[in-house]
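The values are calculated or read from the model by the stated rules, or taken from the named source; none is laboratory data. These numbers were taken from a predicted model, which means no experiment stands behind them. Note that we place each Cβ from the backbone using ideal geometry, even for glycine, and neighbour counts take in every protein chain shown.
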Amino acid sequence: MTGRVCLLGCGFVADLYMRSLKVMPGIVVAGVFDTDAARLAAFCTHWNVPAKPSLEALLEEDALVLNLTNPHAHYDTTRACLMAGRSVYSEKPLAMTMEHARALNALAREKGLELTSAPCSVLGEAAQTLGHALRHGIAGQPRTIYAELDDGFIPQAAYRKWLSDSGAPWPFEDEFRVGCTLEHAGYYLSWLISWFGSVRTVVAASAGTVPDKEGRGPFAADLSVATLFFDKGPVTRLTCSIVAPHDHSIRIVGDTGVLSCDAAWDNAARVRFARRMVLRRRLIEHPLPRRIRLPGPTHPKVGRWGAAAMNFMLGPAEVLEAIRDGRPSRLGGDYALHLTEVSLAIQNAGESTGAQAMTTTCPPMEPMPWAR
């Protein structure tokens, strides 16, 4: 893939994009801007990429803008990019409210631009392998799915020692204020929506279980549990937390057995199928599940860094390809808007919201060519 990108924001996550860029030949960084001049200088020196003196200067470049700013800044910064005629790949969430997300979506459509949303692990090998297995009925008809995105008791972690390659600290205050659901639910929501399309109803609850986190509040919920009812898919339970023991597994229960994957943040995570069987009158899943593989090569991989082994540039590369080919991106339009609505519904559910009917829809995502 070839193309030009600009990075808006060079905090902690920006280094993960640059690490991924090293395995994606042909994509060039045309410029970088951050309001923190010292951070901008450190980042651009470390990665040997051109700094821009202002947002206006950055938007003079004919390039796809990767919006890596704080989520609370996404609406204003993305709107500025779209008004300048630049397509945008936004870190999650697209916006902090549906009003803002809808406005950005409408503006992008009006201007004929791509507005797309992370996370892009939905384009990765693990997600695409599970999708392939579902389409080919490996486990029979899927009946229910359990998906977990629990990160351990993060308020007691040594997060002040977490530094990116170029020296950016992990933004713990922002993380605690934005919340683990908006930050992480998309990693499995994107997979689920890509396979089954629209969520019809969200029944969720969210709560703050650790009120005395470090930093300035108010803090978002640190635990959410959601039951998702799809228009054309199995009932799914999704949990997100930064308090429960680490568990990033997904289990798809079908008529003949269970498909599973244990690592949402690893593009090359193993996908397994355990056939259901009766042994001495006991119903069990086979204790030695077989690995499910795609038949050919998939995409460039990156090494493990911290808790993840994800190629963060799979999304921007797909958007650049879509622009080149004159087609809509898999990660934009109705999909990005629906992913945002479901994420916000879970995040904001609280204790008594109850069932929420979604107002946006999207079809299942076209598989990657190597996963059909």
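Miscellaneous remarks
- Screening the candidates H74, H100 for the property of being touching a residue at least 12 places away in the same chain (Cβ under 8 Å) and touching a helix residue (DSSP H, G or I) at 6+ places or on another chain (Cβ under 6 Å) yields one hit, H100.
- Of everything in the stretch 264-279 that is surrounded by 17 or more Cβ atoms within 10 Å (Cβ to Cβ) and of a type in the set (A, V, I, L, M, F, W, C), the residue that is farthest from the chain's Cα centre (by Cα) is A274.
- Of all the residues in the stretch 280-331, those that are surrounded by 13 or more Cβ atoms within 10 Å (Cβ to Cβ), under 27 Å from L16 (Cβ atoms) and of a type in the set (D, E) number 2.
- Tallying residues that are outside any loop (DSSP other than H, G, I, E, B) and under 12 Å from V342 (Cα atoms) within the stretch 357-372 yields 1.
- Helices (runs of 4 or more DSSP H) (entirely within the stretch 142-253) containing at least 3 residues that are at pLDDT 95 or above, buried (at least 19 other Cβ atoms within 10 Å of the Cβ) and out of contact with any helix residue (DSSP H, G or I) (no Cβ under 7 Å at 6 or more places or on another chain): 186-196
- Only one of the numbered conditions (1) surrounded by fewer than 20 Cβ atoms within 10 Å (Cβ to Cβ); (2) in contact (Cβ under 8 Å) with a residue 40 or more places away in the chain; (3) under 17 Å from S20 (Cβ atoms) is not met by T256, and that is (3).
- Within the stretch 319-356, the set of residues being in a helix (DSSP H, G or I), more than 28 Å from S224 (Cβ to Cβ) and touching a residue at least 40 places away in the same chain (Cβ under 8 Å) comprises V319, L320, E321, A322, I323, R324.
- Every test in (1) of a type outside the set (D, E); (2) assigned to a helix (DSSP H, G or I); (3) loosely packed, with under 15 Cβ neighbours inside 10 Å; (4) touching a residue at least 24 places away in the same chain (Cβ under 8 Å) is passed by H132 save one, and that test is (3).
- Among the residues of the stretch 295-329, the ones that are more than 24 Å from A30 (Cα to Cα) and touching a strand residue (DSSP E or B) at 6+ places or on another chain (Cβ under 9 Å) come to 5 in all.
- Residues in the stretch 337-372 that are hydrophobic (A, V, I, L, M, F, W, C), touching a helix residue (DSSP H, G or I) at 6+ places or on another chain (Cβ under 7 Å) and more than 14 Å from S190 (Cβ to Cβ): L344, M358, A371.
- When the stretch 264-289 is filtered for residues that are touching a residue at least 40 places away in the same chain (Cβ under 8 Å) and not in a loop (DSSP other than H, G, I, E, B), the ones remaining, listed by number, are D266, V271, F273.
- Residue among E91, E61 that is crowded, with 17+ Cβ neighbours inside 10 Å, of a type in the set (D, E) and closer than 23 Å to A220 by Cβ: E91
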